[in-house]
1. Examine the range 17-30 for a residue that is of a type in the set (A, V, I, L, M, F, W, C), modelled with pLDDT of 95 or more and within 13 Å of the chain's Cα centre (by Cα), and state whether such a residue exists.
2. Mind checking whether some residue in the range 6-22 is in contact with a Ser or Thr (Cβ under 8 Å, 6 or more places away or on another chain) and not aromatic (Phe, Trp, Tyr)?
3. Are there any pairs, at least 6 apart or on different chains, whose C-beta atoms fall under 7 Å, with the first in the range 41-68 and open to solvent by 90 Å² or more (accessible area, probe 1.4 Å) and the second of a type in the set (A, V, I, L, M, F, W, C), and if so, which?
4. Of everything in the range 2-31, what is charged (D, E, K, R) and either in contact (Cβ under 8 Å) with a residue 40 or more places away in the chain or open to solvent by less than 100 Å² (accessible area, probe 1.4 Å) (or both)? Give them in sequence order.
Amino acid sequence: KIEKTKNSVEEEVAATYSTFIKDNEKYFQIDMYGSKERVFTGKVSQVVQLDKENAIQLITLLQEVFNV
């Protein structure tokens, strides 16, 4: 975790997710497509890939942050 002095809510963008198996490891992937003003609309701009260990870490952090 890092503490930032400037934070802002980012513009909502389109995203899709998929799952796949590579080398017997299951992955969850989120593809984000950037803003509507982007030059190449519909092209993936950011990708987040989680294996099981990373997913557990993310779930744990979200539970702590949001008290759920």
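1. So far as the range 17-30 goes, yes, one or more of its residues are of a type in the set (A, V, I, L, M, F, W, C), modelled with pLDDT of 95 or more and within 13 Å of the chain's Cα centre (by Cα).
2. Checked against the condition, which is being in contact with a Ser or Thr (Cβ under 8 Å, 6 or more places away or on another chain) and not aromatic (Phe, Trp, Tyr), the range 6-22 yields at least one hit.
3. So the pair list comes out as Gln46/Met32.
4. The first filter runs over the range 2-31 and keeps only residues charged (D, E, K, R), leaving 3-4, 6, 10-12, 22-23, 25-26, 31.
Scanning the range 2-31 gives Glu25, Asp31.
The values are calculated or read from the model by the stated rules, or taken from the named source; none is laboratory data. If you're wondering where the values come from, they're calculated on a predicted model, not measured in any experiment. Neighbour counts are summed over all protein chains in view; Cβ atoms, including those assigned to glycine, are modelled from backbone coordinates with ideal geometry. The protein model used for the area step is the full one, side chains on, heavy atoms only, and it has no ligands, DNA or RNA in it. Shrake-Rupley method; radii C 1.70, N 1.55, O 1.52, S 1.80 Å.
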